[in-house]
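Okay, so here's the structure we're looking at.
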Amino acid sequence: LAPPPGAAGRPGESAGTGCGQFRPGTLEAGGICEDGPMDFPVYVPGYAVEGPLGSGGDTSEWVAREEAGGRRVALKLLHLPDTGVRERARRELALTTAVEHPHVLPVYGIVDAPGALVIVREIADGGSMADLLAARGALTPGEIVTVCAPAAQALAELHLLGLVHGDVSPDTVVFSTD
């Protein structure tokens, strides 16, 4: 699939925050941006990338909008060049699409891209616990309970389903604006 005319991610056009060094990739992905981790490097059919949410380690995360319904989502790009690791991650991530819990962000889908997987999920636009700690410093005991109790409930639900989060940190505890 080639990107539609005028879509971000076409060779020579901006994808997310801009892509000056675009290298054509597979037809399914539309190509790969070589400007670094803050440029959305792949075309994801059906989504218009609006901008970066952040990056760290082997991931970058982006705000996007579904072209069909207009729903805002997060696209999390997992850089996994090894095909065996990518396939194992895909199988594990597929299990998360069935999780329904008020404190677990819904996963809407998983998209294959060259050297990566893209997780399409609900956007948590209220920042992270890391953001909160950076802005305010230490939390009060009541605030800690308010944040940690729902996180513990979410982890308990995952464990009941045989899933392990594997990366619980202030960066991965996120809030909605609700």
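The values are calculated or read from the model by the stated rules, or taken from the named source; none is laboratory data. Just so it is clear, the model here is predicted, and its values are computed rather than measured. Every residue, glycine among them, receives a Cβ derived from its backbone with ideal geometry; neighbour counts consider all protein chains shown. Each accessible area value is taken on the protein alone, full model and side chains, heavy atoms only, with ligands, DNA and RNA left out. Shrake-Rupley method; radii C 1.70, N 1.55, O 1.52, S 1.80 Å.
Here is how the numbers come out for the structure above:
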quantity: Number of positions in the stretch 116-128 that are open to solvent by less than 30 Å² (accessible area, probe 1.4 Å) and more than 13 Å from residue 59 (Cβ to Cβ); calculated: 5
quantity: Residue in the stretch 157-170 that is most open to solvent (accessible area, probe 1.4 Å), counting only those that are within 21 Å of residue 123 (Cβ to Cβ) and in a helix (DSSP H, G or I); calculated: 157
quantity: Residues located in the stretch 34-44, provided they are at pLDDT below 50 and under 28 Å from residue 126 (Cβ atoms); calculated: 36, 37, 38
quantity: Members of the stretch 51-98 that are farther than 23 Å from residue 127 by Cα and open to solvent by 70 Å² or more (accessible area, probe 1.4 Å); calculated: 67, 68, 81, 82, 83, 87, 88, 91, 92, 95, 98
quantity: Residue in the stretch 45-60 that is at pLDDT 80 or above and β-branched (Val, Ile, Thr) present; calculated: yes
quantity: Residue check for residue 140: closer than 21 Å to residue 122 by Cα and either exposed (fewer than 14 other Cβ atoms within 10 Å of the Cβ) or touching a strand residue (DSSP E or B) at 6+ places or on another chain (Cβ under 7 Å) (or both); calculated: no
quantity: Some residue of the stretch 47-66 being in contact (Cβ under 8 Å) with a residue 60 or more places away in the chain and under 10 Å from residue 118 (Cβ atoms); calculated: yes
quantity: Index of the failed condition, residue 173 passing every other in (1) in contact (Cβ under 8 Å) with a residue 24 or more places away in the chain; (2) hydrophobic (A, V, I, L, M, F, W, C); (3) loosely packed, with under 13 Cβ neighbours inside 10 Å; calculated: (3)
quantity: Subset tally (residues that are small (Gly, Ala, Ser) and either touching a residue at least 24 places away in the same chain (Cβ under 8 Å) or in contact with a Gly (Cβ under 6 Å, 6 or more places away or on another chain) (or both)) for the stretch 76-97; calculated: 1
